[in-house]
1. Answer yes or no: is there a residue in segment B:5-15 that is closer than 29 Å to A:Arg148 by Cα and open to solvent by less than 60 Å² (accessible area, probe 1.4 Å).
2. Please enumerate the residues belonging to segment A:56-67 that are surrounded by 15 or more Cβ atoms within 10 Å (Cβ to Cβ) and either within 12 Å of chain B (Cβ to nearest Cβ) or in a helix (DSSP H, G or I) (or both).
3. Quickly run through segment A:1-35 and pick out the residues that are open to solvent by less than 30 Å² (accessible area, probe 1.4 Å), part of a helix (DSSP H, G or I) and over 12 Å from A:Thr175 (Cβ atoms).
4. Is segment A:36-50 home to any residue that is surrounded by 22 or more Cβ atoms within 10 Å (Cβ to Cβ), in a helix (DSSP H, G or I) and more than 14 Å from the chain's Cα centre (by Cα)?
5. Looking only at residues in segment B:264-302 that are without any contact (Cβ under 8 Å) to a residue 24 or more places away in the chain and part of a helix (DSSP H, G or I), which one is nearest to B:Arg158 (Cα to Cα)?
6. Report, ordered by the first and then the second residue, all pairs with beta carbons closer than 6 Å, sequence separation of six or more or different chains, a first member in segment B:68-92 that is more than 8 Å from every other protein chain (Cβ to nearest Cβ), and a second member that is assigned to a helix (DSSP H, G or I) and at pLDDT below 80.
7. So the check is Cβ under 9 Å with 6+ separation or different chains; which pairs have a first residue in segment B:43-66 that's at the interface with chain A (Cβ under 10 Å from one of its Cβ atoms) and a second one that's small (Gly, Ala, Ser) and surrounded by fewer than 15 Cβ atoms within 10 Å (Cβ to Cβ)?
8. Just one of the numbered conditions (1) open to solvent by 40 Å² or more (accessible area, probe 1.4 Å); (2) without any contact (Cβ under 8 Å) to a residue 60 or more places away in the chain is not true of B:Pro22; which one?
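The values are calculated or read from the model by the stated rules, or taken from the named source; none is laboratory data. All values reported here derive from a predicted model rather than from experimental measurement. Backbone-built Cβ (ideal geometry, glycine too); neighbour counts: all protein chains shown. When the accessible area is computed, the model is the full protein with side chains, heavy atoms only, and any ligands, DNA or RNA have been set aside. Shrake-Rupley method; radii C 1.70, N 1.55, O 1.52, S 1.80 Å.
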Amino acid sequence: MSDCVEFSPLELDALQETMNIGFGQAAAALSEVIDMHVALSVPKISMIAKETIADYVRNEVADPAAFCMVEQFFFGRFSGTSFLLLPQAESRKLVELFGVETDESVRQENLDVLEREVVIEIGNIIIGACVGKIAEMLKDVVTYQPPRFLAGPIEREFINRHLGSDECLALVFKTLFTFERQNVCGLLFLVAGAESVGWLKAAVDDMLSGLV
Amino acid sequence: MNSIDLSQIVETLSLGVLVLDPEARIVYWNRWLENASGHSFPEVRGRSIFELYPELENPAFMRNFRSVLSFGNYAYFSQRVHDHLLPLRPAPGATASGAEFMSQHCVMGPIREGPRVAYAYLTIEDVSETVIREKLLSELAMHDVLTSAYNRRYFDRRLAEELERSRRYGHSLSLVMLDLDHFKEVNDRYGHLFGDEALKHAARVWVKAVRVSDVVARYGGEEFCIIFPETGIDEACLLAERARAAIAAAPVEFGGLSARITASAGVAVSRPDDGSDDILHRADEALYRAKAAGRNRTECSA
């Protein structure tokens, strides 16, 4: 464990503050982009052992089987993976909320497809807002893999891919997003891989030294 | 190292590539797009994409365009939802040339100058041929060859899905099982070709008699099932009775012969813990009662 990056309490506070600002900006920009008010809760930051992340995510929702998920990897100096969880039953509300225009026959036969595509589209934008704003604050540029939709259970193997070294703790940001007009809410987890935890710490230290 | 002139690639790609500035003015338009749209680059350069294609100024496109500009992420316009983003005609000579528009898969991404997103690019892939092949295959996989009604395989899958959906949203779902009366005698008396025509006729009449959202399927032999999604028993009984009356009122005409055929109908409504077999069993029981009570009638199970 000696090579692992750890955050001091001061660094964690500074990181928390940065993220509060980042998510605040993300919420404001998001509302503008999708033309609808979106609230993002203050992110909760945790250092978690990689192999327990799936359990952590599962524990955050009452009935993990009732959730669908959008997963997206992002790459930059800040890199990792994001999971957006939404109750299956809310996905239809999203279709109503974002009124995707398709003809009636498509709507009838492919409502499941339509729900899935709308969840992917909106998930992609929410993830882009949060990751993009964090990267911007830390003066980084990130690129993304296309988002993927998963309706199955939240699997450990699945969540652990692309997270790098096994021994070190991963940094997890959790936020609750709410579309107030329809009272639709879901959870977003951003997991920074082991390599970017070191970079994040350095970025936070830079900011702290700028304050002294 | 000298930088390579990538425009040589972009100009010859089998893919539409365009670049928009933050005001949605066209900054770049490749040769593929010149061909597909009939507009040359000099003709569209500096013009707003919305002036060229007003239908693009819709909420879905706008939020994705703004997202790419604000967050520097990527947007994916699925063919399955949008079919096409730009109203381009299908490529001439292609199998898809009968379609009104070219089916497209589109991706939008950022072009940065330093950390700032200065432009958004859009790539347009022609997926018409794939879509047509997919449609053809799914038609074949979903429909009964003789009657063009949905087949048993599709029906089984759809019923399971609709039951799941009705549980998820707390709606009820109804089902009618219809059986042509004395079908064996029709076959014996008028011949099998006439019998086949009677089956096709029944499917056509029933598709017309019910709603677009209802699923008319050939269950087997002379038996058909219709799923009524999000429908309670009372409404389902009315619809089933309408289907029964429609077939009784429209004689089969074939090869100079005409014959009146009738059907018996059994209706059932879903219960919270129903599997497909449970609701089918109740519909079948109701159908049996209709047959026993003299045929050409509708029975509803409570």
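1. yes
2. A:Tyr56, A:Val57, A:Arg58, A:Pro64
3. Answer for segment A:1-35, where residues must be open to solvent by less than 30 Å² (accessible area, probe 1.4 Å), part of a helix (DSSP H, G or I) and over 12 Å from A:Thr175 (Cβ atoms): A:Glu11, A:Ala14, A:Leu15, A:Thr18, A:Ala29, A:Ser31, A:Val33, A:Ile34.
4. No, segment A:36-50 has no match at all.
5. Residues of segment B:264-302 without any contact (Cβ under 8 Å) to a residue 24 or more places away in the chain: B:271, B:273, B:277-278, B:281-282, B:285, B:288-289, B:292-294.
From the residues that got through so far, the ones that are part of a helix (DSSP H, G or I) too are B:277-278, B:281-282, B:285, B:288-289, B:292.
Working: B:Asp277: 13, B:Asp278: 15, B:His281: 17, B:Arg282: 18, B:Glu285: 21, B:Tyr288: 24, B:Arg289: 26, B:Ala292: 30 Å.
My answer is B:Asp277.
6. B:Pro90/B:Ala96; B:Pro90/B:Ser97
7. What qualifies is B:Pro59/A:Gly99; B:Ala60/A:Gly99.
8. (2)
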